[in-house]
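The values are calculated or read from the model by the stated rules, or taken from the named source; none is laboratory data. Keep in mind the model is a prediction, meaning the values are calculated, not measured. Virtual Cβ from ideal backbone geometry, glycine too; neighbours counted across all protein chains shown. Only protein heavy atoms, including side chains, enter the accessible area calculation; ligands, DNA and RNA are left aside. Shrake-Rupley method; radii C 1.70, N 1.55, O 1.52, S 1.80 Å.
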Amino acid sequence: MHPSKSTDRLIVTAPLGHKVFTGSQLAAVAQAAGPDGRVETTPQQYLLVTPPPGRRGAVIEELEAAGLLVYASGPAIRPLRVCGMCKGPVVEGLPAARALNAAVVGRPVPLPLKVAYSGCPNGCAEPLIHDIGVIKEGDGYAVYVGGRGSGQEPRVGRHLALVAEGELPRLVERLVGLYAAEALGGERFPAFVDRVGLERLRAAG
Ligand code: SF4
């Protein structure tokens, strides 16, 4: 598990691109939570599991042994939300999505930050209303920043760049690195984008 700051709850996902949990994985989740435990579902396609007191370490081991991915739920980058990859994982860029997820998920940031990936401009993972959104366009990957789907001022993300597959994880790593280093207290990513501006963010990439 990524060593970001711990909170009680654990984020639990299937490996990226797996659309189902197996029965044994769900049994492991039930075992981990205990008979009176809580398991929450989220719009971001992961489960939030609250381990019983004193069992956090054991629960993490049990869930990972079942083939699940486990992350702390503190201020960190959330697991990538991905579309249904309906046209096939190769055409829709599943390897790129996996590389992006591996590069940034769990990284500590001032406030939780959500990244979404869609394999075509239909945008089924809602990339334009996430902090950072990626849409595969032909052989390239369009990156949008500063979207927000909830709260008092929902808004559409702004186009930052169109990059090749190999550049995508590095660009997003640099964006979140800049946010981690320069965000003002309590500043969410969309407000950070507004303050520093697209040109500064492009230069960082
Ligand atoms: S974004 Fe495109 S590839 Fe992904 S599920 Fe929607 S239509 Fe299919």
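Before moving on, here are some points about what is shown:
- Of all residues in the stretch 176-197, those being more than 11 Å from residue 109 (Cα to Cα), in a helix (DSSP H, G or I) and either open to solvent by 70 Å² or more (accessible area, probe 1.4 Å) or out of contact with any strand residue (DSSP E or B) (no Cβ under 6 Å at 6 or more places or on another chain) (or both) number 5.
- Among the residues making up the stretch 143-170, those that are open to solvent by 60 Å² or more (accessible area, probe 1.4 Å), free of Cβ contacts under 8 Å to residues at least 60 places away in the same chain and either of a type in the set (Asp, Glu) or touching a Leu at 6+ places or on another chain (Cβ under 8 Å) (or both) are 153, 156, 158, 167.
- Residue list for the stretch 17-48, filter: out of contact with any Asp or Glu (no Cβ under 8 Å at 6 or more places or on another chain), under 26 Å from residue 108 (Cβ atoms) and open to solvent by less than 80 Å² (accessible area, probe 1.4 Å): 17, 29, 33, 39, 40, 42, 44, 46
- Filtering 54, 88 for residues that are open to solvent by 60 Å² or more (accessible area, probe 1.4 Å) and either modelled with pLDDT under 95 or out of contact with any Leu (no Cβ under 9 Å at 6 or more places or on another chain) (or both) leaves a single hit, 54.
- Among the candidates 100, 63, residue that is out of contact with any His (no Cβ under 9 Å at 6 or more places or on another chain), crowded, with 19+ Cβ neighbours inside 10 Å, of a type in the set (A, V, I, L, M) and over 19 Å from residue 170 (Cβ atoms): 63
- Criterion violated by residue 138 - all others in (1) surrounded by fewer than 22 Cβ atoms within 10 Å (Cβ to Cβ); (2) within 15 Å of the ligand (Cβ to nearest atom); (3) under 22 Å from residue 21 (Cβ atoms); (4) not charged (D, E, K, R) satisfied: (3)
- Members of the stretch 105-121 that are within 15 Å of the ligand (Cβ to nearest atom) and either over 14 Å from residue 146 (Cα atoms) or part of a loop (DSSP other than H, G, I, E, B) (or both): 117, 118, 119, 120, 121
- Number of positions in the stretch 87-104 that are within 16 Å of the ligand (Cβ to nearest atom) and of a type in the set (Val, Ile, Thr): 2
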